[in-house]
Amino acid sequence: MRVTKAQAEQNRAHIVATAARLFRERGYDGVGVAELMAEAGFTHGGFYKHFRSKAALMAEASANGLSQTVTRTEALDIAEFVESYVSREHRDGRSEGCTIAALSGDAARQPEDIKTEFAAGIESLTTVLQAGGDMPPDMDQRTARAAVIDVLAHSVGAIMLSRACPDGSPLADEILEVCREAILASLADRDGRPAAESLASRS
């Protein structure tokens, strides 16, 4: 049976979404094309009707996953982002979590097109967080951007370090708690209130 153009596009989108989830869970090298296609419900041979190579799919799946993270963040201010991001739920939900935290280490060793997708995703997330309205109104754009980059890097690093520890280890939870409190305290300092007062207002 001939596949319509619309159906082919739906199939391709489903493969990309499946790949984005599996890559977050297992890394780029942790899943092969045959397994990925089987997980998506297609045969191995159908892969090359949609993608010229696994690397091409990796780039497209990365863009897809990064876009998901940006979309989920749009409704949050920067403090809400930190509370949600630097959490056990995010750490343990690797396959549905942030592509940046799941794959930055892998992306650093990949071709430039994948790094370009990550740069674009990080830039978009930075823009969304900066627009979240949680920075002091008198802060200039350059300082606000630097503050957001600091928060994002600290948040991503906290998740990556916590995931590197054995599941359920006290240190894994401690890393999240220490980093989350430190990031929120830094935000409280920036908005001109004592850290304890600002943190209390969010509890």
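The values are calculated or read from the model by the stated rules, or taken from the named source; none is laboratory data. Computed from a prediction, not measured in an experiment: that's the story for all the values here. Positions of Cβ are backbone-derived with ideal geometry, glycine not excepted, and every protein chain shown enters the neighbour counts. Accessible surface is based on the protein model in full, side chains and every heavy atom, while ligands, DNA and RNA are left aside. Shrake-Rupley method; radii C 1.70, N 1.55, O 1.52, S 1.80 Å.
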note = When the charge dipole of the chain is computed with +1 on Lys and Arg Cβ and -1 on Asp and Glu Cβ about the Cα centre, the Cα farthest towards its positive end, among 170, 186, 65, belongs to 65
task = Mind checking the per residue accessible area of the chain for me, 1.4 Å probe, whole number of Å²?
result = 53
query = Per the 1.4 Å probe, what fraction of the accessible area of the chain, in percent, lies on carbon and sulfur atoms?
reply = 53
task = Please tell me the relative contact order of the chain in percent, rounded to the nearest whole number, where contacts are Cα pairs under 8 Å and at least six residues apart.
result = 21
request  = Return a whole-number percent for the relative contact order of the stretch 41-119, with Cα pairs under 8 Å and 6 or more residues apart as the contact set.
outcome  = 38
request  = Could you size up the charge dipole of the chain around its Cα centre, putting +1 on the beta carbon of Lys and Arg and -1 on that of Asp and Glu, and report it in debye to the nearest 20?
outcome  = 1000
inquiry  = With a 10 Å cut-off between alpha carbons and a GNM built on the chain, which of 58, 37, 139 moves the most?
reply    = 139
key: Surface accessible to a 1.4 Å probe, residue 138 within the full protein complex, Å²   = 140
inquiry  = What's the magnitude of the charge dipole for the stretch 1-88 around its Cα centre, counting Lys and Arg as +1 and Asp and Glu as -1 at the beta-carbon? Answer in Debye, nearest 20.
reply    = 520
note = For percent of Cα pairs over 32 Å apart, with candidates [x] 29; [y] 21; [z] 25, the value calculated from the shown model is option [z]
query = Rounded to the nearest 500 deg cm²/dmol, what is the calculated helix-only ellipticity per residue at 222 nm for the chain, with -39500 (n - 2.57) per DSSP H run of length n ≥ 4?
reply = -23000 deg cm²/dmol
task = List the GluC sites (Glu not before Pro) within the stretch 7-103 that fall in a DSSP loop (any state other than H, G, I, E or B) and whose Cβ has at most 15 other Cβ atoms within 10 Å.
result = 74
ask   = Working out 0.36 nm times the residue gap between residue 131 and residue 173, then minus their Cα-Cα distance, what length gain in nm do you get to one decimal?
value = 12.1 nm
